[in-house]
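First up is the structure itself, then whatever we jot down about it.
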Amino acid sequence: MTITRDGIAPPTSEEVKTVSLTIDGQSLSVAEGTTIWEAARDAGIDIPVLCHDERYDPVGVCRMCVVDTGGRVLAASCVRPCDPGMEVTTSTPEIERSRAVLTELLVVDQPPREQDPKQTTTADNELISVADRYSVGSVDDLFAGPTRGTDASNPVISVDHDACILCDRCVRACDDIQGNDVIGRSGKGYSTRISFDLNDPMGESSCVTCGECVAACPTGAITNKAINNIPIQPREKLEAVDTVCPYCGVGCALTYYVDRERGGISFAEGRDQSLGSQGRLCVK
Ligand code: SF4
Ligand code: SF4
Ligand code: FES
């Protein structure tokens, strides 16, 4: 650590401890603490994820990102730090079979694609993308349990608990990033589902409708509702208009997806900017 008159200086390259390892035969040297998934990403190696999103701290709850480190069991690469001398393999028949079986188990009780709240609107359901990658269509030979219900109590956000894969991205988005501490989990076993405050309807909870959980959710479990009769459509069918929120002095970067035909905004998203809102939205 270097301390200067202005405070603690960022570490120089000599001070950053590095770890050497191989991933799929590529020799890499990465900063200590780098996860296998991050090292692979930087080396151009794609490892599928579901519960992981770079915006949030990894929690390793879905096991989609497993890799072989030579250990007793496959390791979740999104949370496993690189170790010196590690030899990582990201794709073998065993790994691909593990990911495919996991995908089947997740798909079995999902809403049909043609009714999925995300796929039928923005068409970017990440579980469906993974299912396509592993050629998993509908799964009819496994038992799907009783429905966990829907929640339409929020005026602009829909919740479909049956589409939830309990990845915790919304929990981290609401609690860790926005600091709203609204979302948790309730129930046990198959009936486990996300909950708002003490399992209240979302619209009656302390939710401030910031929308961060919508941006976080990889499936159709938390989605935007159409407002003003402007349907929500895939981004490529709408015109993206970059703008800045005028509400307060922060000046958060926004993108409106505009339906020119109907003359209105279909939905809005936070836009990445290095300073300020960092792609997030607030209630305003
Ligand atoms: S809309 Fe915002 S405050 Fe409400 S549950 Fe989602 S992240 Fe939390
Ligand atoms: S609602 Fe979405 S983000 Fe939250 S746990 Fe379920 S699938 Fe994950
Ligand atoms: S993406 Fe790593 S455990 Fe879910």
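The values are calculated or read from the model by the stated rules, or taken from the named source; none is laboratory data. On a predicted model such as this, the values are computed, not experimentally measured, just so you know. Please note: Cβ atoms are built from the backbone with ideal geometry, for glycine as well, and neighbour counts cover all protein chains shown.
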(request) Please identify the pairs in which a residue from region 179-207 that is surrounded by 13 or more Cβ atoms within 10 Å (Cβ to Cβ) has its Cβ atom under 7 Å from the Cβ atom of a residue that is part of a loop (DSSP other than H, G, I, E, B) and of a type in the set (Asp, Glu), counting only partners at least 6 apart or on another chain. (result) VAL182/ASP197; SER205/ASP197
(message) Condition first: under 22 Å from ALA216 (Cα atoms) and not in a loop (DSSP other than H, G, I, E, B). Now tell me which residues in region 56-88 satisfy that.
(response) VAL66, ALA76
(request) Tally the residues that are more than 21 Å from LYS118 (Cα to Cα) and crowded, with 16+ Cβ neighbours inside 10 Å, restricting the search to region 244-275. (result) 3
(request) Give just the number: which of (1) in a loop (DSSP other than H, G, I, E, B); (2) modelled with pLDDT of 95 or more; (3) closer than 28 Å to ASP175 by Cβ; (4) not acidic (Asp, Glu) does TRP37 not satisfy? (result) (1)
(message) I'm checking my understanding of the structure. Among residues of region 219-243 that are basic (Lys, Arg) and surrounded by 15 or more Cβ atoms within 10 Å (Cβ to Cβ), which one is nearest to ligand 2 (Cβ to nearest atom)?
(response) LYS225
(message) Being closer than 13 Å to ASP162 by Cα and either among the small types (Gly, Ala, Ser) or in contact with a Cys (Cβ under 6 Å, 6 or more places away or on another chain) (or both) is the filter here; which residues of region 218-227 pass it?
(response) GLY220, ALA221, ILE222
(request) Name the single residue, out of those in region 216-233 being within 22 Å of ASP132 (Cα to Cα) and more than 10 Å from ligand 1 (Cβ to nearest atom), that is nearest to the chain's Cα centre (by Cα). (result) PRO218
(message) What pairs come out if I take residues in region 76-93 that are more than 16 Å from ligand 1 (Cβ to nearest atom) and pair them with residues that are of a type in the set (Lys, Arg) whose C-beta lies under 6 Å away, six or more apart or interchain?
(response) ALA76/ARG63
(message) Out of everything in region 194-214 that is modelled with pLDDT of 95 or more and among the small types (Gly, Ala, Ser), what residue ends up being nearest to ligand 3 (Cβ to nearest atom)?
(response) SER195
